[in-house]
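Every read-out reported here was derived from the displayed coordinates using simple, explicitly stated rules and does not represent laboratory data. Keep in mind it's a predicted model, so treat the numbers as computed, not measured. Cβ sites come from the backbone with ideal geometry, for glycine too, and all protein chains shown count toward neighbours.
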Amino acid sequence: MTYTILHTEASKGWGGQEKRILDEIIFLREKGHRFYLACQPDSRILQEAREKGIECLTLNMPNPAAIPAIVRLRRFIRGKQIQIVNTHSSKDSWLIGFTRFLVKIPLIVRTRHLSTPVTNKFVYTHLTDCIVTTAESIKDDLQKIGIPGEKIASVPTGVDPQRFDPEDIDRKEARAALGLSDGEIAVGNIGILRSWKGFPDFLEAARQVAERRSGVKFFIAGDGPRKEELAGIIRDKNLHHVVTMLGYREDTPRILSALDIFLFTSYANEGVPQAVLQALAMEKGVVATDIGGVAEAVLEGKTGFLIQPRDVGGMLAGVLKLIEDEKLRRSFGGRGRKLVLSNFTIRHTCDRMEEIYAKGIADRRQGKHEDRSR
């Protein structure tokens, strides 16, 4: 059975959360489902969605109870005969919850991408039918505040194993593009340059590695609000010869191909991070902080090393061990790709979401959710 589905996203940023929405739409519309996206007019996801042929409702979302937004959502949902609404951020979740009192919405799904603390659980307990988290740890956190476990499903964001395939990229060419010579070890991290991503810890680990080992280069790929701060740290610690900031890059598989080690340094707000899964898919040796759902993918001593958040000493030890042991890097990388292929592909994600949509609709028809619509 196919459905007409509206995704809503209040975020104006561009990261793993927004990319997951578009990946799911593209994958599932090939199976016959019809999709729409409601997002803010000055958001990056609007631009990306239109380029992919997704019909969008542009909607200003200044606050969680914006009356004009609710009125327009009501009209759109009724006109397009929407069967499922999948919300992704706080403001749009509240707006859709209020909209349901004005128009029939058979199923509301709230996808919670981050492990930030819940400040008001009403939207989860009363304004949504089922909840999807991107990691088991986030599901556990919701249960701890009283949300029934049967209402929650954990569905990590999968990667495209064809795009992230080490066999399809010329590694020597990718390394040459980064200025790496034979014998140099490349350590990298990829992500939005936000506070909780821990890039200052990455830079401190780079400084300490450079004191102990020559021939190691560090790379940061990404852009964001902490860019100037990080550039200042590199300048103040005289790390220009060690660390290169690559800026925002679309060629993530090529960057990962050039690396030998992936050092993930986040200390908050993570599910199962896309960057980590991508690195594993590209058969990289991984050293990662044990935060959110990281441990679902980085299995200690099997697909990588787990360290405590903000533990620069642990980062240093893990990176140095992988620098010295190429065989271990290859072992972690091979097991990491196998794990991704068996559990964390985009197909796994979308097949599971399709099951959740079908079950949610069936449960609503059988009266297993309280009907709050009019």
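Here are some notes:
- Computed log₁₀ I(q)/I(0) - Debye formula, equal Cα scatterers, no solvent, the chain, q 0.09, 0.12, 0.15 Å⁻¹: -0.53, -0.90, -1.27
- Sorted ascending by nearby beta carbons within 10 Å, beginning with the fewest, Val286, Val155 become Val155, Val286.
- Computed from Cα atoms, the angle from the helix 346-365 axis to the main principal axis of the chain rounds to 20 degrees.
- Relative packing of 183-189, 257-263, 161-167, which averages over residues the other C-beta atoms within 10 Å, highest first: 257-263, 183-189, 161-167
- If you take all other residues with their beta carbon under 14 Å from the beta carbon of Ser90, and give Lys and Arg +1 and Asp and Glu -1, the sum is +3.
- Cβ-defined net charge surrounding Lys284, 12 Å radius [Lys, Arg +1; Asp, Glu -1]: +3
- Cα point-scatterer Debye curve for region 162-315, base-10 log of I(q)/I(0) at q = 0.08, 0.12, 0.17, 0.19 Å⁻¹: -0.19, -0.45, -0.97, -1.24
- Using alpha-carbon coordinates, inclination of helix 326-343 to the longest axis of the chain, degrees: 10 degrees
- GNM result for the chain, Cα springs below 10 Å: residue of Tyr267, Tyr248, Tyr357 fluctuating most strongly: Tyr248
- Exposure proxy ranking, count of Cβ atoms within 10 Å, fewest first, for Ile356, Ile138: Ile356, Ile138
- Comparing Arg212, Arg226, Arg20 in a Gaussian network model of the chain, where Cα atoms under 10 Å apart are tied by springs, the biggest mean-square fluctuation is seen for Arg212.
- Too-long pairs where the Cα-Cα distance tops 30 Å, listed order kept, from Lys144/Lys284; Lys52/Lys302; Lys52/Lys359; Lys31/Lys151: Lys144/Lys284; Lys52/Lys302
- Here the chain is treated with +1 on each Lys and Arg Cβ and -1 on each Asp and Glu Cβ, and its dipole about the Cα centre works out to around 1260 debye.
- Residues His126, His7 in ascending order of nearby Cβ atoms (within 10 Å, fewest first): His126, His7.
- Alpha carbon centroid spacing (whole Å) that separates region 117-173 from region 196-233: 28 Å
- Net charge of neighbours whose Cβ lies under 15 Å from the Cβ of Asn63, counting Lys and Arg as +1 and Asp and Glu as -1: +2
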